[in-house]
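Visitor: The structure is given below, and queries will be raised subsequently.
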Amino acid sequence: MTTHQQADRRLHPRHGALAEGSVPLTSHVKAGPGGAMTDEVGVITGDVSLTTEAAADGTVHVRIQYTGADEWYTLTGSPAPLPAGGLAVFHERIVGAVQAGGAAEVPHGGEK
């Protein structure tokens, strides 16, 4: 099960500015076997926090961190176009991918 919370609205240097009216979504999950792939440090595993933010340009930025850590990393494949289903639906797809593991990346288009 995931826990959603409204992310802190203060700007974080790794996150950048929020899109007008955008509310980031955050879930705390356990990455599945093989973890999640990041651009900066490769695969991370275990308990992670995952945040998705919609940008004004129609893209979604996805960040991941070890739960409780200070450092945030870019989930490989981010930024991605915001699908028609909206941010909440896309966030849940990303959460599912990370929970499945296998060096999970941001799903694109109709892919899982």
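Please treat every number below as a calculation from the coordinates, not as lab data. Predicted model only: the values in this text are computed from it and were never measured. FYI the Cβ positions are ideal-geometry reconstructions off the backbone, even for glycines, and counts take in every protein chain you see.
Visitor: Using θ = phi - 60° and the Karplus curve 6.51 cos²θ - 1.76 cosθ + 1.60, what whole-Hz ³J(HN,Hα) does each residue of the range 94-105 get, with Gly and Pro shown as x?
Guide: 5, 4, x, 5, 5, 5, 6, x, x, 6, 3, 10
Visitor: Quick one: divide the alpha-carbon radius of gyration of the range 17-80 by 2.2 N^0.38 Å and tell me what you get.
Guide: For the range 17-80, the normalised Cα radius of gyration is 1.11.
Visitor: Further question on the same structure: Using only alpha carbon pairs under 8 Å that are at least six residues apart, calculate the relative contact order of the range 51-98 and give it in whole percent. Working shown, then result.
Guide: Working: 51 pairs, mean separation 15.4, N = 48.
In percent, rounded to a whole number, it is 32.
Visitor: Which one, GLY96, GLN65, PRO24, is farthest towards the positive end of the dipole of the range 23-112 when Lys and Arg carry +1 and Asp and Glu -1 on their Cβ?
Guide: Final value for the positive-end residue is GLY96.
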